[in-house]
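**Q** Following this message is one structure expressed as structure tokens.
The values are calculated or read from the model by the stated rules, or taken from the named source; none is laboratory data. Every value quoted in this text rests on a predicted model; they were computed, and no experiment measured them. Methodologically, a virtual Cβ is constructed for each residue, glycine included, from the backbone with ideal geometry; neighbour enumeration extends over all protein chains shown.
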Amino acid sequence: MAKELVKIFDTTLRDGEQVPGCKLNTSQKLVIAKRLDELGVDVIEAGFPVSSPGDFKSVVEISKIVNNATVCGLSRAVENDIKVAAEALQFAKYPRIHTGIGTSDSHITHKFNSSRDKIIEIGFNAVKYAKSFVKDVEFYAEDAGRTDNEFLAKVCEKMIEAGATVLNIPDTTGYCLPDEYGEKIKYLVDNVKNIEKATISCHCHNDLGLATANSIAGIVNGARQIECTINGIGERAGNTSLEEVVMIMRQHPNLNLDTKINSKLLFDTSNLVSEGMGMPVQPNKAIVGANAFAHSSGIHQDGVIKNRETYEIINPLDVGVNESAIILTARSGRAALAYRAKKIGYNLSKDGLDIVYPEFLKFADINKEVSDNDIPTIIKNSI
């Protein structure tokens, strides 16, 4: 049975760049955009063209070099925003305008001082206007996570009527629990007239650490696009992490869902974005963190040395990491010491290991980590 495709909408260059201090120039954006196209993302959100001349230029230049992915430009539900986005996307092979408006009562009352009916009218007109420039129009219902489901369904129905091809259901504030977000998506699948004419998209933020879980709940319940960023970078606590959702689908074939992502490029792409944006990846970051395939506990090390799958559910090669790392610390056991010693030419017998190991522990208690260069000294001091 063929797996259903979940499209990957990468917003590293738009939402990801909203992180303080992570501003990229056009040249840097082009390097990342080219890699995202090679990685296999379906959509690259290249920027917010009306926001600045620099962002407009970046979207124009990215549109020229991307060969496979759809190139998307963000806009508010404002005619000039949409017109400028269309101008910026004129060279794209597959252009998409991403327009929308807040739909929660909080946004309608406090942000827009408006009414539900007026919000629907504004959104409808924005989608209609965007359709006059491009065939592919995505509508975002900002703060959909806190929007009443019945009203949200009404909004979605009208946007499909206006011509929207994608419906973005953002958990803008990262508020939703996974079952709550999943139920919201299912409600739309079950209650929106002509929902089959549009793709439902998940756009989740990580304020409560639930962005990835919410996105997976979304696709399990019928969404077929995930909006995400490399390394999960983004506004405030970040966005859904691209590498996480991709590998979750790969590791859970029972979901019967997959993407077109070349996972062997994930680690290198993570480093490219981290270096370009000056945003270090936390060592314990899933999939691409420095410690994702590193083992320092003696019990774990012994298991991995005997059979990698004892403590690793992902083959590091599948995400572009050469091999698992056995890190020598004071928590390491004899098996790890023997393994690392053998790698640099020392075959320690059981008796030899019994002699060397106490000296190793003395050294490891003083130093945070024992390197290959330290091992000969430890062996020499043991004799």
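**Q** Going through the range 188-204 one residue at a time, which ones are among the hydroxyl-bearing types (Ser, Thr, Tyr) and in a helix (DSSP H, G or I)? Quick ask: steps written out before the conclusion?
**A** In the first step, residues of the range 188-204 are kept if they are among the hydroxyl-bearing types (Ser, Thr, Tyr); the result is 199, 201.
None - no residue of the range 188-204 is among the hydroxyl-bearing types (Ser, Thr, Tyr) and in a helix (DSSP H, G or I), so the list stays empty.
**Q** Moving on to the next point. How many of the residues making up the range 224-244 are on the phi < 0 side of the Ramachandran plot and without any contact (Cβ under 8 Å) to a residue 60 or more places away in the chain? Spell out how you get there, then give the answer.
**A** Within the range 224-244, the subset on the phi < 0 side of the Ramachandran plot is 224-230, 233, 235, 237, 239-244.
If we keep only those that are without any contact (Cβ under 8 Å) to a residue 60 or more places away in the chain too, we end up with 240-241, 244.
Final tally of qualifying residues: 3.
**Q** Could I ask something else about it? Against the condition within 23 Å of GLU4 (Cα to Cα), surrounded by fewer than 21 Cβ atoms within 10 Å (Cβ to Cβ), free of Cβ contacts under 8 Å to residues at least 40 places away in the same chain and assigned by TED's automatic domain parsing to the domain that holds ASP42, how does ASN254 come out, does it pass?
**A** Numbers: within 23 Å of GLU4 (Cα to Cα): yes; surrounded by fewer than 21 Cβ atoms within 10 Å (Cβ to Cβ): yes; free of Cβ contacts under 8 Å to residues at least 40 places away in the same chain: yes; assigned by TED's automatic domain parsing to the domain that holds ASP42: yes.
Considered against the rule, which asks whether it is within 23 Å of GLU4 (Cα to Cα), surrounded by fewer than 21 Cβ atoms within 10 Å (Cβ to Cβ), free of Cβ contacts under 8 Å to residues at least 40 places away in the same chain and assigned by TED's automatic domain parsing to the domain that holds ASP42, ASN254 comes out as yes.
**Q** Just give me the residues in the range 140-187 being assigned to a strand (DSSP E or B) and either within 19 Å of ASN221 (Cβ to Cβ) or without any contact (Cβ under 8 Å) to a residue 12 or more places away in the chain (or both), in sequence order.
**A** Answer for the range 140-187, where residues must be assigned to a strand (DSSP E or B) and either within 19 Å of ASN221 (Cβ to Cβ) or without any contact (Cβ under 8 Å) to a residue 12 or more places away in the chain (or both): TYR140, ALA141, VAL166, LEU167, ASN168, ILE169, PRO170, ASP171.
**Q** Here's a follow-up. What's the number of the condition SER332 fails, among (1) buried (at least 18 other Cβ atoms within 10 Å of the Cβ); (2) out of contact with any Leu (no Cβ under 8 Å at 6 or more places or on another chain); (3) assigned to a helix (DSSP H, G or I); (4) not β-branched (Val, Ile, Thr)?
**A** With (1) buried (at least 18 other Cβ atoms within 10 Å of the Cβ); (2) out of contact with any Leu (no Cβ under 8 Å at 6 or more places or on another chain); (3) assigned to a helix (DSSP H, G or I); (4) not β-branched (Val, Ile, Thr) applied to SER332, the lone miss is (3).
**Q** Tally up the residues in the range 220-232 that are under 13 Å from the mean Cα position of the chain (by Cα) and surrounded by fewer than 24 Cβ atoms within 10 Å (Cβ to Cβ), please. Lay out the reasoning, then the answer.
**A** Here is the first cut: in the range 220-232, the residues under 13 Å from the mean Cα position of the chain (by Cα) are 225-232.
Narrowing further to those that are surrounded by fewer than 24 Cβ atoms within 10 Å (Cβ to Cβ): none.
Total meeting the criteria: 0.
**Q** Could I ask something else about it? Assess whether VAL304 counts as being at pLDDT below 95, surrounded by 13 or more Cβ atoms within 10 Å (Cβ to Cβ) and either part of a loop (DSSP other than H, G, I, E, B) or among the β-branched types (Val, Ile, Thr) (or both). Give the steps one after another, and end with the answer.
**A** Values: at pLDDT below 95: yes; surrounded by 13 or more Cβ atoms within 10 Å (Cβ to Cβ): yes; either part of a loop (DSSP other than H, G, I, E, B) or among the β-branched types (Val, Ile, Thr) (or both): yes.
Yes.
**Q** Does GLN225 satisfy being in contact with a Lys or Arg (Cβ under 6 Å, 6 or more places away or on another chain), closer than 25 Å to GLU38 by Cα and either of a type outside the set (S, T, N, Q) or in the same structural domain as THR103 (by TED's automatic domain parsing) (or both)? Before the answer, list the steps.
**A** Numbers: in contact with a Lys or Arg (Cβ under 6 Å, 6 or more places away or on another chain): yes; closer than 25 Å to GLU38 by Cα: yes; either of a type outside the set (S, T, N, Q) or in the same structural domain as THR103 (by TED's automatic domain parsing) (or both): yes.
Criteria met by GLN225.
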